[in-house]
Amino acid sequence: MAKSKMVYRTKHANRIKRTPGDQVVQVLIYLIIAFCAIVTVLPFIYVVAGSFATERELTERAFFLFPKEISLNAYQYIFKTGDALRGLRNSILVTVVGTMINMFFSCTLAYPLSRKYFKGRNFFTNMVIVTMLFSGGMVPSYILIAQILHLTNTYWALWLPGAINAFNMIIIKNYFQGIPQELEEAARMDGCNDLFIFWKIILPVSKPVLASISLFYAVTHWNSYFNAMMYINDRDMEVIQIVLRRIIFLTTSLTTDSTFDWGAFGTPPEKAVKMATTVVATVPILIVYPFIQKYFTKGVMVGSVKG
Amino acid sequence: MTKTKTAARSSTRKKPVNGTWKHALQSHKWLYILIIPGVAYMIVFNFLPMLGLVMAFQDFSPYNGDSAIDALIHSPFVGLDVFKKFFTGPDFWRLLKNTLSISIASLIFYFPMPIILALLLNEIRCSWYKRVSQTLVYIPHFISMVIVASLTYQLFNTSDGYIYHLLQQVMGKNAPDFLSDSGLFVPLILGQNIWKETGYGTIIFLAALAGVDVELYEAARVDGAGRWKQMWHITLPAIKATIVIMLILKVGQILNTGYEQIYLMQNSMNRTVSDVFDTYIYTKGIEGGQYSLSTAAGLFKSLVGMIMVIGANKLAKLFGESGLY
C-alpha cells in the first residue's frame, strides 16, 4: 500500500517540474535527515571503536571510528572479572523470567476482556482504565513491596510490580478481538471449553502480537534500572544496568574491587573497559531491535492503541 | 469504539445471553478462572497502593505498629497538616521552579522536534533513504537511560570526553562543562531527551501523514502551490489533531520530569537546579523515610497532572479540536 503510493508520487513529482530553488530545499532536507541519522549512531560507533582500542590509542587519539590496533583486553577483562559478567547473567535471568510472567498475566487478563459474551467485561475493563489514569505513586508502592510483601533482595520485586502494562495488555486484547469468530465457533461446536480455545486456537494465531509485546516487555526489563536500585542491595544479584552505572560513574571501582590479576595486561584498560561495558549492555537491544522494528513500523503498536 | 458496539449487538442477536451470573459462571467457567491472576495483580499492585495514599493525611511512621499495615491503621490522622508543611516548607518553591523550568523548556524545545522531523521525513521521496534513516533514528528509544547517561558521561566529561575536547579547541577555557555546570543542567536533560526520543516520536505523526490522500498534493501542485503552501494547507491540517492530543498528554506530564534520568545526571554541583518533585519524593520518602511528606508530594503531583489534562482538553475543545475524549 505504502509502496505503491510512493511509486505513484515519484512518477508525478518528476512530471511536474521543480524550480531550482525547490531542488535546493530538497537537497537540504536530505542532508538534514542524514545529519540526524549520523548524530544518532555516532556515539554508538565511537564507543564500539573505543572498546576495541588499546588504552594508549585512547589517550593519544581523541576521536576515531576505527582503532589502528585492535585489542580485546577490555572484553577479556569483562569476561574474566566478576561484575559485568554476573550483571549480564542476572539481567538475562530477570529478562527471561520477567517477560514470561508479563506474558502470562497480560494474556490471561486480555483474553476474557476480549470476549463479548464475558459477563462483567465492562467492570473489569474499567478497572484497567482506572489503573491507567491514577496511581498511588512511588512511596505507597515501595512500602507495599518492601515492607508488606518483603520482596527486597528478591527478583520478585522486579518481576511482579510491572507484571501487567495496561497499554500492552490492551494491544493484545484488541488483537484477540480481531480474530474471526468462526474459528472459535467451530471449536465450540466440537465441545471445546474456553481454556482449550484460548490455548489451542487464540494463542497460536496471535503469534505476531505476542512476539512483539514480548519484545517490548523484554526491552523494558533489560533497561530497567531504578527498581533494581531500590529493591536489590545484594551485590551478587546486581543487574547489568547497575554494574554499568557503577563502572562509569565511580571510576575507582575498577581496580579496587576486582580480584583479577593484572599481571598479564599491565595497567587496567580503564577507558576501554567503560566503553566495552556500555557495548555489552547495549548489544542485546541492538540484536532484538530489527525484530521489534518489524512490528512497530507495521503499525501494530500505534494503530491498535486507539481502539 | 462504534465498531465494537455494533459487533456486540450482533452477537447478542445471534445468541441471546442468559442474564444471570450463575449461568455466566457455569458456561464460561474458564474465563473467570483465567481472569483471576490479572485481577489479583491489579488489586495488589495498583489498588492497594492507592489506599496507601491515606498516609498523606496521617502522621505516618512504620513504628506505629507491628507491621506496615498495622502502622497505617494506628497512625494518627492530621488532616491537611502534611500538605501545609509541604507547601510552606523551604523546598516547595525551589522544586516547583526546577520542575517547571525543565518541563516548560521541554515543551518549547523538545515537543516540536518529532513534528519537524516527521515533516522532513515526509518530504523524502527516495524510499530506501527514508527507511534507513528511520531505522537509525528510532534506535535510541530502546536504549536504557543508564546507557544514555554513560554515553553522555563518556563524551562530555572534562578529563577525556571527546565533545568537551572539541569544544575546548573552539572555545578555549570557556568550554561548557555540561556534567557539573548548574546553568547547563536543563539543556543537558533536554539534549538527552531530544537525542533519545525525537526519532521514535515521529512514528505517530508519520502514521497520521500516511493517511493523507496523495491526490490532494497533486491537485495543489496543479494549482501552482509550492512546497510551503502544500505543507501549510495539506500536511499540517492532517496532523493537527495528533499534535493537539500529544500536547494535551504532554501538558498532563508537566510535573512529571521522571526520576531515573534526573537521578542519574544529578550530582553535588548541580543539585540546586536538579532537585525536582520526582527526585524529592525518592530522596525524602524512600531514602529519608519521611513517608507522609513524600506521599503528599506525590498526590499533589498526580492531582495537578489530572487537572492539567482536563483543562487542556477543555481548551482544545474550545478551539474546535476533538481532544482526548
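Here are a few things to note about the model shown:
- Qualifying residue in the range B:290-311 (condition: basic (Lys, Arg), over 26 Å from B:Lys84 (Cβ atoms) and either modelled with pLDDT of 85 or more or more than 17 Å from the chain's Cα centre (by Cα) (or both)): no
- Checklist (1) open to solvent by 40 Å² or more (accessible area, probe 1.4 Å); (2) modelled with pLDDT under 55 applied to A:Ser258, failing item: (1)
- Evaluated against (1) within 28 Å of B:Val146 (Cα to Cα); (2) surrounded by 18 or more Cβ atoms within 10 Å (Cβ to Cβ), B:Ala296 falls short on exactly one condition, (1).
- For the range A:47-79, residues that are more than 15 Å from B:Asp160 (Cβ to Cβ) and hydroxyl-bearing (Ser, Thr, Tyr) total 3.
- Every condition in (1) in contact (Cβ under 8 Å) with a residue 24 or more places away in the chain; (2) crowded, with 20+ Cβ neighbours inside 10 Å; (3) in a helix (DSSP H, G or I) holds for B:Phe178 except the one numbered (3).
- Members of the range B:121-163 found to be more than 8 Å from chain A (Cβ to nearest Cβ), free of Cβ contacts under 8 Å to residues at least 12 places away in the same chain and of a type in the set (Val, Ile, Thr), listed by number: B:Ile163
- Figure legend. Inter-residue proximity from the range A:26-52: first residues farther than 19 Å from B:Gln134 by Cβ, second residues among the charged types (D, E, K, R), beta-carbon distance below 8 Å, spacing 6+ or different chains. Indicated pairs: A:Gly50/A:Lys271.
- A:Ala49 fulfils the conditions (1) surrounded by 18 or more Cβ atoms within 10 Å (Cβ to Cβ); (2) facing chain B (nearest Cβ under 8 Å) except for a single criterion, (2).
- Here the condition is being crowded, with 17+ Cβ neighbours inside 10 Å, in contact with a Phe, Trp or Tyr (Cβ under 7 Å, 6 or more places away or on another chain), more than 10 Å from chain A (Cβ to nearest Cβ) and without any contact (Cβ under 8 Å) to a residue 24 or more places away in the chain; of B:Ile234, B:Ile239, it holds for B:Ile234 alone.
- For the range A:171-217, filtered to residues that are touching a Ser or Thr at 6+ places or on another chain (Cβ under 9 Å) and surrounded by fewer than 15 Cβ atoms within 10 Å (Cβ to Cβ), the residue that is farthest from the other protein chains (Cβ to nearest Cβ) is A:Ile179.
- Entirely in the range B:205-285, the helices (runs of 4 or more DSSP H) that have 1 or more residues that are touching a Ser or Thr at 6+ places or on another chain (Cβ under 8 Å) and over 21 Å from B:Phe109 (Cα atoms): B:260-265, B:271-274, B:277-280
- Some residue of the range A:97-114 being more than 13 Å from chain B (Cβ to nearest Cβ) and touching a Ser or Thr at 6+ places or on another chain (Cβ under 7 Å): yes
- Residue satisfying condition, being surrounded by fewer than 17 Cβ atoms within 10 Å (Cβ to Cβ) and more than 10 Å from chain A (Cβ to nearest Cβ), within set B:Ile189, B:Ile104: B:Ile104
The values are calculated or read from the model by the stated rules, or taken from the named source; none is laboratory data. Since this is a predicted model, take the numbers as computed values, not measurements. Here the Cβ is made from the backbone with ideal geometry for all residues, glycine too, and neighbour counts use every protein chain on show. The accessibility values were calculated without ligands, DNA or RNA, using every heavy atom of the protein model including side chains. Shrake-Rupley method; radii C 1.70, N 1.55, O 1.52, S 1.80 Å.
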